[in-house]
Amino acid sequence: MDETRFSRHTEFAWEIAPHGAMRVPAIIYADAALIHAMDDKVYEQICNVATLPGIVKAAYAMPDAHWGYGFPIGGVAAFDPEEGGVVSAGGVGFDISCGVRCLHTGLKTEDILAVQKILADSLFNQIPAGLGSTGAIRLNLAEMDAMLLGGAAWAVKQGYGNAADLERIEEGGQMRGARPDCVSAHAKQRQHDEMGTLGSGNHYLEVQQVAQIFDTQTAQAFGIQEQDVVISIHCGSRGLGHQIGTEFLRKMVTAAPQHGITLPDRELACAPINSTLGQEYLGAMRAAINCALANRQILTHLTRQAFSHFFPDAQLSLLYDVSHNTCKVETHLVDGNLRELYVHRKGATRAFGPGHPEMTAALRAVGQPVLIGGSMGTSSYILAGTEQSEALAFSSACHGAGRAMSRHQAHKNWRGRKVVDDLAARGILIRSPSLRGVAEEAPDAYKNVSSVVNTADQAGLARKIACLEPLICIKG
């Protein structure tokens, strides 16, 4: 992007002054290299977000921002219902509550290397992955509604994990206010046999080694040290979430004029928070969050089963689980006053700082873990929320590397077999049902995750705690 269109507040904060229909400024967090490489669509989309009714302070874009549907991926915006604020299905996204959870294993790198190939094969055989993947669980309508209400807490009651897991999940593993009655029969049918599956796209399960520690004190609080092995699981609400997004976007586009809302882009379809449609969407979206939380909980159970064959004593306790692609009601300080706001984070992570009352007691002193996935075959990172992030972007941080090119372009540039072979030569084993999917997620199809993380760290959005290097990747 052309930096002359910005006012540069700091080395890592670029502001777009309100113009046209913008109600508030837009702020992009990036270093100079990232801002130059960012596609122009990010500029256009974040300015459009700033035009929406009831938006508070500013529209924000994280360092991994790139073009998305309506909001840019990496977009953050908060809305006040008392000022006509809206909820936007495009501001949440289709893969509702796509997120990452990280598990301890109690193992070291040498333990994994001794069984790397057979462990990779076992995980691939036991973790359903890929487009249209289905699992062994079949839910009837009553069970479906119970899952949509209960989230990970429902899954634990079904025997998938334990109560201690829930203490390390946002919302305690259960998003309140879910309304299964607002989820269509078609959406539920799509999820009928998809529980406990990774899906496709950039979803994965990775076995990773802790390669470097940046903050020893916080790492100790998180229970990690160098050469530890952890597991990251990245997936969301599968077909149910996508169907909810699709259906409510259509409804919101149709209803916008009735609410006096002029959309700069139909992909920004929204409804007043206090409207019937707005409340129905929030109820359905919260049900999808619970679906994603239950899905990751079941995948955790399957992973524990797979590991138990090789490491009977490994506990695989949960470090933390974070969600992206949500709209959550949170209390934030705005101009000296506490206000209840509806915070959209699309491809962004909540990053509460030390002392935040919503953090689990075990981690409250150091802040929320922020789990940043890299592209396939590259580093991932563990960060922690900061106190200053509250003032910067409603306690939000980036969520990954961010795409540098489309999946179509990536498939033209690389062949999946070569990507698999190249990574194997580096000691990273990839297992996937789709070589095309591997090509689409090739490492160079994404931004440099280290640059994204360093920017988030130096801007104050979150601080670096540890770098993770992949050993095994089960790719959807």
Handout entry: Options G177, G159, G150: the member that is under 22 Å from E280 (Cβ atoms), of a type outside the set (D, E) and part of a loop (DSSP other than H, G, I, E, B)
Key = G177
Fill in the blank from the handout: Flagged pairs (Cβ under 8 angstrom, 6 or more apart or on separate chains; first in the range 135-159, closer than 15 Å to N290 by Cα and open to solvent by less than 80 Å² (accessible area, probe 1.4 Å); second of a type in the set (F, W, Y) and assigned to a helix (DSSP H, G or I)) are A146/W154; M147/W154
Completion exercise
Picked from the range 405-428 (must be among the aliphatic types (A, V, I, L, M) and open to solvent by 30 Å² or more (accessible area, probe 1.4 Å)), the residue nearest to H324 (Cα to Cα) is M405
Exercise for the section: Please give the helices (runs of 4 or more DSSP H) falling wholly within the range 405-462 in which 2 or more residues are under 17 Å from S379 (Cβ atoms). Expected result: 416-425, 449-459
Problem - Scope the range 162-174; condition open to solvent by less than 20 Å² (accessible area, probe 1.4 Å) and either over 19 Å from T326 (Cβ atoms) or of a type in the set (A, V, I, L, M) (or both); matching residues - result: D165, I169
Completion exercise
Q191 fails exactly one of (1) surrounded by 21 or more Cβ atoms within 10 Å (Cβ to Cβ); (2) within 30 Å of A424 (Cβ to Cβ); (3) polar (S, T, N, Q), namely (2)
Problem - Residues located in the range 441-471, provided they are crowded, with 24+ Cβ neighbours inside 10 Å and more than 21 Å from V370 (Cα to Cα) - result: E441
Problem - Test: R345 is under 24 Å from V42 (Cα atoms), in contact with a His (Cβ under 9 Å, 6 or more places away or on another chain) and modelled with pLDDT under 95 - result: no
Exercise for the section: Quickly run through the range 63-96 and pick out the residues that are open to solvent by less than 10 Å² (accessible area, probe 1.4 Å), out of contact with any Phe, Trp or Tyr (no Cβ under 6 Å at 6 or more places or on another chain), farther than 27 Å from S451 by Cβ and of a type outside the set (V, I, T). Expected result: S88
Exercise for the section: Residues being without any contact (Cβ under 8 Å) to a residue 60 or more places away in the chain and within 18 Å of Q279 (Cα to Cα): count how many of those fall in the range 64-101. Expected result: 2
Exercise for the section: Please find, within the range 243-260, the residue that is surrounded by the most Cβ atoms within 10 Å (Cβ to Cβ) out of those that are under 9 Å from A89 (Cβ atoms) and in contact with a Leu (Cβ under 9 Å, 6 or more places away or on another chain). Expected result: F248
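Of the residues in the range 295-317, how many are of a type in the set (S, T, Y), open to solvent by 10 Å² or more (accessible area, probe 1.4 Å) and touching a strand residue (DSSP E or B) at 6+ places or on another chain (Cβ under 8 Å)?
Of the residues in that region, 1 qualify.
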Exercise for the section: Report, ordered by the first and then the second residue, all pairs with beta carbons closer than 8 Å, sequence separation of six or more or different chains, a first member in the range 107-130 that is on the phi > 0 side of the Ramachandran plot and surrounded by fewer than 21 Cβ atoms within 10 Å (Cβ to Cβ), and a second member that is at pLDDT below 95 and not aromatic (F, W, Y). Expected result: G130/L198; G130/G199; G130/S200; G130/S432; G130/P433; G130/S434; G130/G437; G130/G476
Fill in the blank from the handout: Residue hits (the range 91-127; part of a helix (DSSP H, G or I) and either in contact with a His (Cβ under 9 Å, 6 or more places away or on another chain) or of a type in the set (A, V, I, L, M) (or both)) are G91, V92, I112, L113, I118, L119, A120, S122, L123
Exercise for the section: Please verify whether the range 383-397 includes one or more residues that are under 16 Å from C473 (Cα atoms) and modelled with pLDDT of 90 or more. Expected result: no
Problem - Contacts under 7 angstrom Cβ, first residue in the range 38-63 being assigned to a loop (DSSP other than H, G, I, E, B), partner among the charged types (D, E, K, R), 6 or more apart - result: A50/R23; T51/R23; G54/D80; G54/E83; V56/D80
Practice task
Report whether or not L263 is outside any helix (DSSP H, G or I) and open to solvent by 20 Å² or more (accessible area, probe 1.4 Å).
Solution key: yes
Problem - Residues within the range 195-233 that are outside any strand (DSSP E or B) and not acidic (D, E), tallied - result: 21
Handout entry: Single unsatisfied condition, E44 versus (1) open to solvent by less than 10 Å² (accessible area, probe 1.4 Å); (2) within 27 Å of C270 (Cα to Cα); (3) not basic (K, R)
Key = (1)
Fill in the blank from the handout: Over the range 374-404, the set of residues open to solvent by less than 10 Å² (accessible area, probe 1.4 Å), assigned to a strand (DSSP E or B) and closer than 28 Å to A425 by Cα is S380, I382, G400
Problem - Enumeration of residues in the range 259-302 that are more than 20 Å from the chain's Cα centre (by Cα) and closer than 30 Å to L107 by Cα - result: H301, L302
Problem - In the range 318-355, the residues that are hydrophobic (A, V, I, L, M, F, W, C), open to solvent by 30 Å² or more (accessible area, probe 1.4 Å) and more than 21 Å from Q279 (Cα to Cα) - result: L333, L338
Problem - Flag if E358 is closer than 16 Å to A61 by Cα, of a type outside the set (G, A, S) and either surrounded by fewer than 20 Cβ atoms within 10 Å (Cβ to Cβ) or more than 20 Å from the chain's Cα centre (by Cα) (or both) - result: no
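The values are calculated or read from the model by the stated rules, or taken from the named source; none is laboratory data. Predicted model, so just to flag it, every value in this text is computed and none were measured. Note that we place each Cβ from the backbone using ideal geometry, even for glycine, and neighbour counts take in every protein chain shown. For the accessible areas, the whole protein counts, side chains as well, though only heavy atoms, and no ligand, DNA or RNA atoms are used. Shrake-Rupley method; radii C 1.70, N 1.55, O 1.52, S 1.80 Å.
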